[in-house]
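The values are calculated or read from the model by the stated rules, or taken from the named source; none is laboratory data. Here the structure is a predicted model, which means the values were calculated and not measured. Counting neighbours? That spans all protein chains shown, and the Cβs are built from the backbone with ideal geometry, glycine included. Accessible surface areas use protein heavy atoms only, side chains included; no ligands, DNA or RNA. Shrake-Rupley method; radii C 1.70, N 1.55, O 1.52, S 1.80 Å.
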Amino acid sequence: MSTLHLFDSLTGELKPFEPLHAPKVGMYVCGPTVYSDVHLGNTRTFLSFDLLFRYLMHLGYQVRYVRNITDAGHLESDADSGEDKIAKKARLEQLEPMEIVQRYTVGFRSVMQAYNALPPSIEPTATGHIVEQIELIKKLLAEGFAYEANGSVYFSIETYLKTYPYGELSGRSIDDLEAGTRELDGQDDKRHPLDFALWKKAAPEHLMRWPSPWGAGFPGWHLECSAMSTKYLGEEFDIHGGGMDLKFPHHECEIAQNKGATGQGGARYWLHANMLTLNGKRMAKSTGNTLDPRDLLTGNSPHLTKAYSPGAVRFFIHQAHYRSVLDFSDSALQAAEKGYYRLLTSLEVLRARAAQGPARGTWSVADWNAQCSEAMNQDLNSPVLIAQLFEAAKAVTLDQKDPQVLGTEGAAELLHSMETWLFSVLGLSPESHSGNAKYQQALDAAMSVVLDVRRKARETKDWTTSDALREALSRGGIVVQDGPEGSSYRVE
RNA sequence: GGUCUCGUGGCCGAGAGGUUAGGCAAGGCUCUGCAAAAGCUUGUACAGCGGUUCGAAUCCGCUCGAGACCUCCA
């Protein structure tokens with residue numbers, strides 16, 4: 001029996017997972033900035049952490065999962081003239097900033113729900129924690145890690161370096177970082193180019209603003225996560241997750257803020273989910289190389305040939321390891337969908353299995369389950385878990401011919417286990433291929449009439465009529481299949 | 001320019017110093033009026049060039065290629 005190991009970005013190692021206060025686990029994940037629709041890349045990250053959340057609960061942990069909503073807006077640039085992203089969008093659309101926030105927050109939640117991601121335990125907003133952020137700045141000022149300049153407050157990297165290292169998470173040296181520093185306008189207030197803002201003075205036209213001891217302004221980019229993770233999970237907690245692109249500077253700064261204020265770096269395990277690429281390039285709102293997760297469900301995108309179910313998309317995502325770059329393509333998604341439906345069919349076969357054969361079969365469900373756990377324990381290796389599910393499907397097929405394979409109790413256990421892995425852990429939903437029950441009933445009724453006519457034609461070997469009917473139905477998206485026990489149909 | 005990651009069979013994607021990943025597609029077979037579906041089965045891959053080793057796709061070096069970060073971004 002193995003135990004859960006997670007890859008910690010800070011040490012670059014696979015570490016055995018030992019919670020600080022088992023069976024409680026604290027987990028913080030950087031959520032979306034709600035100034036536009038989430039794209040499929042964002043979705044992948046959140047589904048990766050949903051998988052972790054689910055697996056931790058599967059292991060019996062009581063997880064407090066905190067995922068923030070960034071609604072205070074980030075600067076567009078580091079310059080003093082920088083404009084709040086949310087405020088900018090608001091001006092463009094002639095809306096209140098909080099209207100933008102509300103619209104995209106609702107959109108984000110509906111996408112997460114559509115893809116069967118469990119809601120986090122707490123979903124705190126940055127604007128709801130201005131007080132905590134101001135308190136954190138006060139603490140950093142008191143500790144000497146921050147300084148005020150012209151109504152703004154900055155974190156001092158030089159001071160910080162006297163006590164702590166900086167750049168550990170991203171593996172960067174100060175020299176490297178300085179080499180990469182660019183000249184930006186309006187940075188006069190900063191003492192050092194690597195310093196970052198904790199509080200920014202708001203320009204008169206800036207819409208999102210709050211009073212503070214340093215005047216009207218708004219919080220810096222990295223502050224909210226430090227403030228909210230500390231508030232809800234403590235100065236030291238178990239897991240912090242986010243997208244790979246947040247590693248630097250966001251998480252690096254977060255660690256510095258935490259250590260500066262509390263002496264603790266925050267999380268003990270830093271997890272980073274890798275990017276989803278489209279056409280070999282990173283999906284990003286700013287470049288337009290994006291795919292809306294909702295479009296996958298309608299098929300309404302130039303990148304798609306058809307609509308997919310949320311389960312098929314999730315299956316596709318979990319067929320790659322969360323730390324690998326995954327390249328999206330319609331054909332890859334189709335391949336995943338076919339495999340996924342095969343597994344669901346196998347599950348239906350297992351559900352319908354007659355109680356026959358011995359109690360235990362020759363195929364060990366316990367061994368199989370152990371292998372599934374082993375896969376997930378290796379840093380959430382969902383691709384291997386899925387490969388195991390196909391092994392189970394193979395056993396189900398063998399069992400159909402020979403009930404000695406699974407046996408009565410074995411089959412029941414396998415069914416329960418497969419459902420657990422597929423639905424509870426991988427977060428796939430037990431979907432029906434059909435839609436609305438009322439229309440399904442009506443269609444069944446109509447089809448039984450048509451198939452009956454066709455059956456009569458076939459009995460008299462009137463292949464012309466029978467094939468014409470099948471052809472016509474096929475054009476309408478109904479596939480008819482003839483089997484030994486008659487004909488069946490499915491909608492494609 | 002700096003830091004780093006990756007390059008696996010037709011495609012997607014695990015693994016990893018010697019042992020079958022898995023899925024999809026493709027070929028063959030079974031079934032079948034035909035078709036479909038389903039089942040069985042086949043393929044022997046790890047960018048290139050060197051090196052270490054009894055043995056490397058897996059370790060080291062170089063080359064080529066791709067990507068990420070260095071600037072808000074999951």
Inset, instruction - From (1) β-branched (Val, Ile, Thr); (2) open to solvent by 10 Å² or more (accessible area, probe 1.4 Å); (3) touching a residue at least 40 places away in the same chain (Cβ under 8 Å), pick out the condition that doesn't hold for A:Ile317. - result: (2)
Inset, instruction - Return only the number of the condition from (1) over 27 Å from A:Pro120 (Cα atoms); (2) in a helix (DSSP H, G or I) that A:Pro204 does not satisfy. - result: (2)
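Hey, which of the helices (runs of 4 or more DSSP H) in the stretch A:371-461, taking only ones fully inside, have at least 1 residues that are under 29 Å from A:Ala117 (Cβ atoms) and more than 14 Å from RNA strand B (Cβ to nearest atom)?
In the stretch A:371-461, A:408-419, A:437-459 are the helices (runs of 4 or more DSSP H) which contain 1 or more residues that are under 29 Å from A:Ala117 (Cβ atoms) and more than 14 Å from RNA strand B (Cβ to nearest atom).
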Legend entry - Residues (assigned to a helix (DSSP H, G or I), charged (D, E, K, R) and over 29 Å from the mean Cα position of the chain (by Cα)) located in the stretch A:119-154: A:Glu135, A:Lys138, A:Lys139
Inset, instruction - Residues being of a type in the set (Lys, Arg) and either modelled with pLDDT of 95 or more or open to solvent by less than 20 Å² (accessible area, probe 1.4 Å) (or both): count how many of those fall in the stretch A:295-314. - result: 1
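Test of understanding: among A:Glu235, A:Glu205, which residue is closer than 22 Å to A:Leu56 by Cα and open to solvent by 10 Å² or more (accessible area, probe 1.4 Å)?
It is A:Glu235.
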Inset, instruction - Among the residues of the stretch A:482-492, count how many are near RNA strand B (Cβ under 9 Å from one of its atoms), open to solvent by less than 80 Å² (accessible area, probe 1.4 Å), touching a strand residue (DSSP E or B) at 6+ places or on another chain (Cβ under 9 Å) and not acidic (Asp, Glu). - result: 2
Legend entry - Any hit, the stretch A:406-417, residues being within 19 Å of the chain's Cα centre (by Cα), crowded, with 16+ Cβ neighbours inside 10 Å and modelled with pLDDT of 95 or more: no
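Tell me whether the stretch A:74-92 contains one or more residues that are modelled with pLDDT of 95 or more and open to solvent by 40 Å² or more (accessible area, probe 1.4 Å).
No, the stretch A:74-92 has no match at all.
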Legend entry - Any chance A:Pro211 is within 14 Å of RNA strand B (Cβ to nearest atom) and either open to solvent by 50 Å² or more (accessible area, probe 1.4 Å) or at pLDDT below 95 (or both): no
Inset, instruction - Give the residues of the stretch A:253-294 that are surrounded by 20 or more Cβ atoms within 10 Å (Cβ to Cβ) and of a type in the set (Asp, Glu), sorted by residue number. - result: A:Glu254
Inset, instruction - Any residue in the stretch A:264-278 that's more than 15 Å from A:Val29 (Cβ to Cβ): show its pairings with residues that are assigned to a loop (DSSP other than H, G, I, E, B) and within 7 Å of RNA strand B (Cβ to nearest atom) at Cβ separation under 7 Å, as long as the two are six or more apart or on different chains. - result: A:Met275/A:Val325; A:Leu276/A:Met283; A:Thr277/A:Met283; A:Thr277/A:Val325
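Determine whether A:Ala359 is in a loop (DSSP other than H, G, I, E, B) and either under 22 Å from A:Ala273 (Cβ atoms) or more than 8 Å from RNA strand B (Cβ to nearest atom) (or both).
So A:Ala359 fits the description; yes.
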